[in-house]
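Below: one structure, written as C-alpha cells.
The values are calculated or read from the model by the stated rules, or taken from the named source; none is laboratory data. The structure presented is a predicted model; accordingly, all values stated were derived computationally and were not measured. No Cβ is skipped: glycine too gets one built from the backbone with ideal geometry, and neighbour counts run over all protein chains shown.
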C-alpha cells in the first residue's frame with residue numbers, strides 16, 4: 001500500500017519520504033494529511049486519508065504528534081475499521097488489506113489528491129465539531145463514514161458526480177470477485193406511543209451497529225434533532241423486568257450507579273428475541289420509543305440502515321411531552337384558534353401528517 005504524505009505530515013513524522021518511482025494501482029494508494037480540528041488548539045489532531053481511485057475517506061481523531069510513531073498501525077486499522085463500519089463484508093475487507101501489502105510512504109506530487117484530502121479534512125472537522133464539541137477524551141477511527149456518504153465530483157464540468165462509498169464498493173467487488181454485503185441484520189419495529197395515535201417505524205439495521213450510531217438512525221427516522229440526552233433500557237419480554245440501562249456519557253453514571261456505559265456496545269449485545277428496548281430521548285419531554293426485534297436476517301446482502309415503513313408523524317422538539325403535543329396538535333388542527341398563527345410560526349416546517357417522501361422506503365441517512 002502506498003501512502004502519499006503531504007509536506008505537513010511528513011515533517012511531523014520527521015521523515016523525508018521517497019519520490020514515487022513505480023506506478024501502483026490507485027485502489028491501493030492513499031493521500032494522507034494531518035490537520036487541526038479546533039482553532040484554539042496549538043497542534044494538529046486528526047489524520048485524514050483519501051483513496052486515490054475512489055475518494056473514499058478514512059479519518060482518525062485524535063492523533064497527537066507523539067502517536068505518529070505508530071502511524072502505519074493506525075492507518076491499517078483505520079482503513080479496515082472504516083470499511084467494516086460501512087457494512088462491507090469482513091471477507092472482502094480482509095482480502096483487500098492482504099492485497100495491499102506493507103505500507104510504503106512516498107511524497108505526494110498530486111495537486112488534485114492534495115485538494116481532495118484537504119476537502120475531506122474540512123468535512124470531517126465539521127463532523128467532529130458537531131459530535132464532540134471540544135471533548136478531550138475522544139478516539140474514533142471511523143469518522144470518514146460521514147464524508148463517504150457525501151456526493152463528490154459535482155463542481156467541475158468534466159467530472160461525474162458519485163458517492164465515494166459506492167465507488168469503493170464497486171471497485172472492491174471487481175478486484176475480489178465477491179459480494180460486498182453479507183452480514184447479520186435485524187428487522188425492527190419502533191413505536192412511539194403518543195396516546196392519540198402511535199408513530200411507528202419499521203427498519204432494517206446491521207446487528208452489529210454501535211449504539212451511538214443506532215441512536216442517530218432513530219433520530220433520523222423520527223425527525224429528532226439530537227438536542228437532548230438519551231438512554232437505552234432493556235426489559236425482559238415476559239416479565240417486563242428491567243435488565244439493564246445503557247447511557248452514552250460518563251457523567252450519566254453519577255445519577256445511576258447501576259447503569260452501563262455505552263462505549264463500543266452494539267445492538268446485538270443488548271437486543272434478542274427474549275427482550276425489548278425502550279429508547280428514551282429528551283428526559284424532560286420523555287419520548288419513549290419501544291423497540292422490538294421482528295426478524296433476524298443471517299446473511300443480509302443489501303445496504304442498510306433501511307426504512308421499510310413509516311406511519312404516523314412524530315412531534316416537534318420541545319413541545320412538552322405527550323400532553324403538550326396533544327394540546328399543540330389540537331391548535332394546529334384548528335386554524336381559527338387564537339394561538340394558531342403563533343404555533344404555526346413556532347412549528348416551522350412541521351406538518352400534521354408525514355409527507356409522501358417521508359413514508360417512502362429507502363436508505364436512512366444519519
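Across segment 316-325, not a single residue is classified as crowded, with 16+ Cβ neighbours inside 10 Å and in a strand (DSSP E or B). Considering segment 148-158, the residues that are touching a strand residue (DSSP E or B) at 6+ places or on another chain (Cβ under 8 Å) and either in a loop (DSSP other than H, G, I, E, B) or at pLDDT 95 or above (or both) include one that is surrounded by the most Cβ atoms within 10 Å (Cβ to Cβ), namely 148.
The single condition among (1) more than 22 Å from residue 307 (Cα to Cα); (2) free of Cβ contacts under 8 Å to residues at least 12 places away in the same chain; (3) assigned to a loop (DSSP other than H, G, I, E, B) that residue 226 does not satisfy is (1). Scanning segment 31-52 for residues that are surrounded by 17 or more Cβ atoms within 10 Å (Cβ to Cβ), touching a residue at least 24 places away in the same chain (Cβ under 8 Å) and part of a loop (DSSP other than H, G, I, E, B) yields a count of 3.
Tallying residues that are in a strand (DSSP E or B) and either in contact with a helix residue (DSSP H, G or I) (Cβ under 9 Å, 6 or more places away or on another chain) or surrounded by 19 or more Cβ atoms within 10 Å (Cβ to Cβ) (or both) within segment 168-189 yields 5. Among the residues of segment 17-29, those that are in contact (Cβ under 8 Å) with a residue 40 or more places away in the chain, closer than 21 Å to residue 55 by Cβ and in contact with a helix residue (DSSP H, G or I) (Cβ under 9 Å, 6 or more places away or on another chain) comprise 27, 28. Of the residues screened, residue 216 is not one that is touching a helix residue (DSSP H, G or I) at 6+ places or on another chain (Cβ under 7 Å) and not in a strand (DSSP E or B). Looking for whichever is at pLDDT 95 or above and buried (at least 19 other Cβ atoms within 10 Å of the Cβ) here; the options are 243, 200, 209. Which one fits? The unique qualifying residue is 209. Here the helices (runs of 4 or more DSSP H) wholly within segment 68-132 that include at least 3 residues being touching a strand residue (DSSP E or B) at 6+ places or on another chain (Cβ under 8 Å) are 71-85, 111-132. Considering only segment 11-30, state which residues are under 31 Å from the mean Cα position of the chain (by Cα), closer than 11 Å to residue 105 by Cβ and surrounded by fewer than 20 Cβ atoms within 10 Å (Cβ to Cβ). Result: 13, single match. In segment 326-345, the condition of being in contact with a strand residue (DSSP E or B) (Cβ under 8 Å, 6 or more places away or on another chain), within 30 Å of residue 237 (Cα to Cα), modelled with pLDDT of 95 or more and assigned to a helix (DSSP H, G or I) is met by no residue.
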